[in-house]
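Inspection log for the structure reproduced underneath, given as structure tokens.
The values are calculated or read from the model by the stated rules, or taken from the named source; none is laboratory data. Since we're looking at a predicted model, the values are computed, not measured. Neighbour counts are summed over all protein chains in view; Cβ atoms, including those assigned to glycine, are modelled from backbone coordinates with ideal geometry.
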Amino acid sequence: MSCQYHHHLLLLLLLSVGVSAVEVQRPRGVPLSKRQFYEEGKPFTCLDGSRTIPFDRVNDDYCDCRDGSDEPGTAACPNGSFHCTNAGFRPAFIPSSRINDGICDCCDTTDEYNSGAACQNTCRELGRKERESLQKMAEIAKEGFLLKQQLIQEAKRGLEDKKAKLGDVQVSKKDLEDKVEALRTVKETAEQPEKEAKERHLKAWEDQKALIRMEKDKAKMTEVTPRIIMAELLSHSELDLDSDGFTETEAQGLLGGVDKVDTTAFETVWSNIKDKYISEMAPPPVETPQEEMREPVSDNESEQYPEDPDIPEDEEEDDEEDEDDDQDDGDYKPPPTMPTQEKKDDDDEGTMPPYDQETQNLIDAAQKARDEFDEAERALREVDDQIRNLEKEISFDFGPSAEFAYLYSQCYELTTSEYIYRLCPFNRVSQKPKYGGSETNLGTWGKWAGPEDNIYSMMKYEHGTGCWQGPNRSTTVKLTCGKETVVTSTSEPSRCEYLMEFTTPAICHEPPSLDSVLHEHEEL
Amino acid sequence: MAPVLLLWLAVCLSGTWAVDRGNFKTCDQSAFCKRQRALKPGESPYRALLETMELTNTRLTLQLINDNNKVRLLLELYRLQGNITRVKINELKPLKPRYEVPDVLIREPPTEPLSLLSQDENGVVLSLGAESQRVIVSARPFRLDIMEGREVLMSLNSRGLLAFEHLRMRKDTQADPEAEKKEEADPANQAEAAKEEEEKVEDVMWEETFKSHSDSKPNGPSAVSLDFSLPGVEHVYGIPEHADTLRLKTTDNGDPYRLYNLDVFQYELYNPMALYGAVPVMLAHNAQRTTGIFWLNAAETWVDISSNTAGKTVFGKMLDYVQGSSETPQTDVRWISESGIIDVFIMLGPTPNDVFSQYASLTGTQSFPPLASLGYHQCRWNYNDQEDVQSVDAGFDEHDIPYDFIWLDIEHTDGKRYFTWDPHKFATPKEMLQGLMDKKRKMVAIVDPHIKVDSNYKIHNEIRSRGFYIKNKDGGDYEGWCWPGSAGYPDFTRADMRAWWASMFAYDQYEGSMENLYTWNDMNEPSVFNGPEVTMHKDAMHGAWEHRDVHNLYGFYVQMATAEGLIQRSGGVERPFVLTRAFFAGSQRFGAVWTGDNAAEWDHLKISIPMCLSLGLVGISFCGADVGGFFKSPSTELLVRWYQTGAYQPFFRAHAHLDTPRREPWLFGPENTALIREAVRQRYTFMPYWYQQFYLAHRTGQPVMRPLWVEYPQDPATFALDDEFLIGRDLLVHPVTEEGARGVTAYLPGKDEVWFDIHTFQKHNGAQNLYIPVTMSSIPVFQRGGSIIPRKMRVRRSSSCMEHDPYTLYVALNPQRTAEGELYIDDGHTFNYEKKEFIHRRLSFANNVLSSVNLAPDAQFTTGSWIERIVILGASKPSKVTLKAADGQESQIEFEFDASMSVLTLRKPGMNSGADWTVTLQ
């Protein structure tokens, strides 16, 4: 782009000596590059070649060419374009519908030659401003680019450090693994005698319980109407063995092939059905939907970030997340299954007597071994996590030269009139009301999302908190070159789709030889 | 039963987007409707007391007596100028005055003499003047028949459904201690009650509840009802606003059409539920005649329609015809209102245009909008801040799409305090408006009628201190919940309140406003989030009147006061532009309406046509639907099709809900941007025609967007068409409203007529169903052979930028090789046209001569616009074309002839648009 632009400037430079003389030699609105097609006095062929017209029909305020090329200086053609030279600034094409519409579009005022609009020539002023801003940007780019080189160096060192650390941790992992294995043996050795002692104790108790249960069965059997009628049985669908509808045949099967049974016969029947028979008085078992375990989303990764002493809220946030985890665990309830039922039975039948001292000693010893083993295992897991994190960080896409690595584990804030916005690059974006209220997740790290030729110019954060009747919140972060690393603005151009502007030296490109650019401009 | 249940379940489960019907009353849940609808046709208890008849030059009065309760009514009958008969029925001696709707009629309608033709003990016959029209008053039972010759045009109370609940004292038999106290305190009450004949007392007569809301009905039952029979009529139209077909359906198997202005969240289509506005006007049409009924009552109203041919199949009807055994088709209509009086205007046509001018003579015509307001409007809830406005504005330029107005919804205010600006997001509104003005563009900001109760808010304090708020039944200021939270509702029925409100639009009152800022009145049903049916309690008080009496007028008055404010701020010079959601008969005088909160669904696109057609039939021409659909997010195809449709509807505005993704026209890829650009540009090329049509509507009351039957009243094939429409007489539009459409079938009306495709200039014969293959760029539009349409082909970034541009005349020849059209030009924004500052010319083509003659020789206006091109469709090739200017100068005009389509294009004739000239083809 800049190339072409300079080309134009140079052309203008060459012409600037006799600008007025050159201008009159081409019809209004024609760029120099097309000047040769408009030859005074000679028939004009539409640029699309569709027809040829006398030259006096060029710019005669009537559209003859389908492509609009016969009216470069009037508004007659719906698809025409008008060229303003804008000496002192940048030449431009405007749609010919903007000629003489009373609105000044060209800074050299040439588009309003017959509308009475009082346009001022602002090209020089604009040119000056643009040069200033170009200069400023070039300076920023220059400094930013230097900083970027440092960042690249730091990233390189950081990467090496991490690789070294990874090696260390991998070694310590080996030690831990050995320790775990040793403790496992200790544990298993202690658990064997514990198990045997407990089984002995349990068996004694089971024998006693069997007696009690027999007594109870007898009692319950008489409770049930001895002359049970088929119809009644049918109403107990829990007796349906194959769950395809409780049929008479099935019921008869249970009743031993007869419709009615007397007390004696019922004893056999009862033993068939008692486990399934559900007293009508008892409430039906509540089905508790098994809640899905929380997906290991990238949120968990926050633990991997070392706490940043500069940002005190970080700690708070981690705490919050821990709370979240706890809450989730708390929410998870195992469905009430047989054990509960058994426990209830146990209650009916009395409680198991306490272990004797000898058994208890064995249990205590085994517990100690278990604890030690668990402890070692936990330590191993932590090391595993550490390794994973390191590996991840080492392999993360921090840009072509890892220049964005310094943003990892950092957070940047911007306070607006209503909210505090917070960008933690490669992690998440959030928004918190300035005057209290809970934080909203505007998206977690998704991907680099710039255009193909400049993919590192934009970041995308996705899957934030859901919106009412809308999508999940998401944020696009636009990176621009700057000396500082700072969030410069946030907006919500569309509901729940945020846009954040972020300056960082890491995106700075080497400025084109600044001196030559300025030199050209100054000569204008 | 089972399938029904399943269906119901399916609707419930999938119906997250449907209206919550439970929030709105059915007829059965509206006590008076249920009570009145329970009356069955039969012998009317009402008898005309002929001996009480008084006939003056201008009116006939007569007492009616209800033989059941002996309550007397007073019937007034007027013959009004322009073939209108007015029938008024009130109690002869009501306990207290009953509400008569003010301010809707533009004046007391001028009368014509009535004369007595004959009289006996059974009735009287009066002459209605012209056309051998008579009205027959039958005494027992009371009934009115309007005849022309031997033909009955309309009968009133022919089914005996006249019912007039007289005001009465409460005689409560129930042990309601409070009521008893009241009765004790008022001995006259008991005496009065004793006099009255026993009537069935229902609980709901004196109090009724709906959901958690109770309506204390201190005046008790007060409903009025009357039936109308329309012999020979099978098609009735009007009574907007309903999301239903153009042709009204019979209501025998469901609820009547309801007229009660309501803020309906996510309304459902094809049903008779009430919506935001109400115009109690119905048109009846058959191949011979068009008539209208205007039921002037602003209370909750229900309209029942039945027909003796409804449900008959086409075959059944044919059989009747062949066998000659058919009874005459007849439509019966019944109006039921909760309070007020019966005041009905019977407009006797006989042509559709006669009915339009008859109705216009009563309630006025469409206000003449500023030209720019016929351009494209870009709206969204919300443009977030000034930068957002600026970047959207720049987006239109970048993508070369014209627009005239950008809109700000409620979020632009400081905490939903209307007439204010958010201090952060819109800190310098004048700067923003100036930026738009520099581009010759304009803005609309919303001003709703609910006023935040906040002692730091100037508007609230003023209204409260002046006592301008509507009062609750206990006399305190009525407060309801709306956007700002707790809100008061100014009593717009008060003229002094309206005058004060109008004064708030003065530039020094409305801070940050400028002359290119216009106004949008939303939520003016009024919407009360925590009120019954999301509106105001009926027992709230407007001075002496209950909200019950005035409900449907509230939005009408809000827009009236706002439009007046915009006129006054310019010293009466500039035309206002005000958009309203709620409306009533006469609202056409104040601005534009839109069809409220629609949804981004294909059916909503389709329904925009009958909804606006129905409004046009009852005077409200400036109608549009939110392009793209308000709720939900349209598919790209739907959005493009909606732009294409909206570009050919009167009010052309895109709008979107806060929670939907952005949808400015350039956000859907270059191809779709180009399609939308093209649709909007087509709109702008037709701006001269739209403007001219609105001038015509303003002058005559004829709808701008009209059903085909209005122009082809004798062609039954047009009577139920509502997937295509006409703009004026000369443009026929059949938008593509089907997803994935490969073609549409348009009915081109008019035997011996021809229609020209405006894009290809291909000629098609009339009176045929034409299949038109379509692509995504197709907008099937046809110009009628015999018409001349002026267009401006130089589309610029706003209509104001095109003011001085030249015209292209499209002359479409009919088989007789003639054509006619008009050209209207004025300054586009002031009332100076009323001072005869305009150009109005007749363009006609006959005998190979096209001429422009002055239609308004007493008018004065100069324009720089000239005629740049004349395109004659259906022409043959001339050898020479000569222009003769006003001064007699003759010159040759160059031309091109396209033999394949028979299109003759005259190149740059160049005469001034306001001049006399002729162009001769030889």
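Just one of the numbered conditions (1) surrounded by fewer than 20 Cβ atoms within 10 Å (Cβ to Cβ); (2) under 27 Å from B:GLU678 (Cα atoms); (3) touching a strand residue (DSSP E or B) at 6+ places or on another chain (Cβ under 6 Å) is not true of A:LEU47: (3). In this entry, B:SER844 is excluded by the filter for residues that are out of contact with any Asp or Glu (no Cβ under 7 Å at 6 or more places or on another chain) and more than 14 Å from chain A (Cβ to nearest Cβ). B:ALA656: modelled with pLDDT of 95 or more, farther than 30 Å from B:LEU362 by Cβ, buried (at least 20 other Cβ atoms within 10 Å of the Cβ) and within 14 Å of chain A (Cβ to nearest Cβ), yes or no? Considered against the rule, which asks whether it is modelled with pLDDT of 95 or more, farther than 30 Å from B:LEU362 by Cβ, buried (at least 20 other Cβ atoms within 10 Å of the Cβ) and within 14 Å of chain A (Cβ to nearest Cβ), B:ALA656 comes out as yes. For segment B:28-42, a tally of residues being over 18 Å from B:HIS166 (Cβ atoms) and surrounded by 21 or more Cβ atoms within 10 Å (Cβ to Cβ) returns 2. From the list A:PHE93, A:PHE55, A:PHE89, the lone residue that is more than 9 Å from chain B (Cβ to nearest Cβ), more than 17 Å from A:SER33 (Cα to Cα) and under 46 Å from the mean Cα position of the chain (by Cα) is A:PHE89.
Of the strands (runs of 3 or more DSSP E) lying entirely inside segment B:448-523, those containing at least 2 residues that are in contact (Cβ under 8 Å) with a residue 60 or more places away in the chain and assigned by the TED database to the domain that holds B:LEU408 span B:517-521. Going by the conditions given, is B:GLY864 more than 35 Å from the chain's Cα centre (by Cα), within 14 Å of another protein chain (Cβ to nearest Cβ) and in contact (Cβ under 8 Å) with a residue 12 or more places away in the chain? Judged against the criteria, B:GLY864 is a match. Strands (runs of 3 or more DSSP E) fully within segment A:409-497 that include at least 2 residues being within 14 Å of chain B (Cβ to nearest Cβ): A:474-481, A:486-494. Here the strands (runs of 3 or more DSSP E) wholly within segment B:209-303 that include at least 1 residues being of a type in the set (Gly, Ala, Ser) and within 30 Å of B:LYS96 (Cα to Cα) are B:213-216, B:224-231. B:ILE779: at pLDDT 95 or above, closer than 26 Å to B:PHE396 by Cα, touching a helix residue (DSSP H, G or I) at 6+ places or on another chain (Cβ under 9 Å) and more than 14 Å from every other protein chain (Cβ to nearest Cβ), yes or no? Judged against the criteria, B:ILE779 is a match. Of B:GLN762, B:GLN692, B:GLN682, B:GLN702, all but one fail to be polar (S, T, N, Q), over 30 Å from B:SER367 (Cβ atoms), modelled with pLDDT of 95 or more and outside the structural domain of B:GLY238 (by the TED database); the exception is B:GLN762. Filtered by the rule that a residue be over 25 Å from the mean Cα position of the chain (by Cα) and in a loop (DSSP other than H, G, I, E, B), segment B:530-580 gives B:ASN530, B:GLY531, B:HIS537, B:ASP539, B:ALA540, B:GLY543, B:ALA544, B:SER570, B:GLY571, B:GLY572, B:VAL573.
Of the residues making up segment B:787-803, those that are under 29 Å from B:ALA846 (Cα atoms) and either within 14 Å of another protein chain (Cβ to nearest Cβ) or surrounded by fewer than 24 Cβ atoms within 10 Å (Cβ to Cβ) (or both) are B:ARG791, B:LYS792, B:MET793, B:ARG794. Among the residues here, A:ALA197 does not qualify as closer than 27 Å to A:LEU380 by Cα, of a type outside the set (Asp, Glu) and modelled with pLDDT of 85 or more. Close contacts from segment A:58-83, counting a first residue that is more than 12 Å from every other protein chain (Cβ to nearest Cβ) and in a loop (DSSP other than H, G, I, E, B) and a second that is surrounded by fewer than 23 Cβ atoms within 10 Å (Cβ to Cβ) and of a type in the set (S, T, N, Q), with Cβ to Cβ under 6 Å and a gap of 6+ residues or different chains, come to A:ARG66/A:SER50; A:GLY73/A:ASN59. B:VAL710: closer than 18 Å to B:GLY375 by Cβ, more than 14 Å from chain A (Cβ to nearest Cβ), touching a helix residue (DSSP H, G or I) at 6+ places or on another chain (Cβ under 6 Å) and surrounded by 23 or more Cβ atoms within 10 Å (Cβ to Cβ), yes or no? In short, no. Pick from segment B:407-424 the residues that are at pLDDT 95 or above, within 13 Å of chain A (Cβ to nearest Cβ) and more than 31 Å from the chain's Cα centre (by Cα): which of them is surrounded by the most Cβ atoms within 10 Å (Cβ to Cβ)? Among those that are at pLDDT 95 or above, within 13 Å of chain A (Cβ to nearest Cβ) and more than 31 Å from the chain's Cα centre (by Cα), it is B:ASP422.
In this structure, A:ILE103 does not qualify as crowded, with 19+ Cβ neighbours inside 10 Å, of a type in the set (Val, Ile, Thr) and not assigned by the TED database to the domain that holds A:SER33. Pairs meeting the criteria (first residue in segment A:101-114 and more than 14 Å from chain B (Cβ to nearest Cβ), second residue polar (S, T, N, Q) and assigned to a loop (DSSP other than H, G, I, E, B), beta carbons under 6 Å, at least 6 apart or on different chains) are A:CYS107/A:ASN86; A:CYS107/A:THR122; A:ASP108/A:ASN86; A:ASP108/A:ASN121; A:THR109/A:ASN121.
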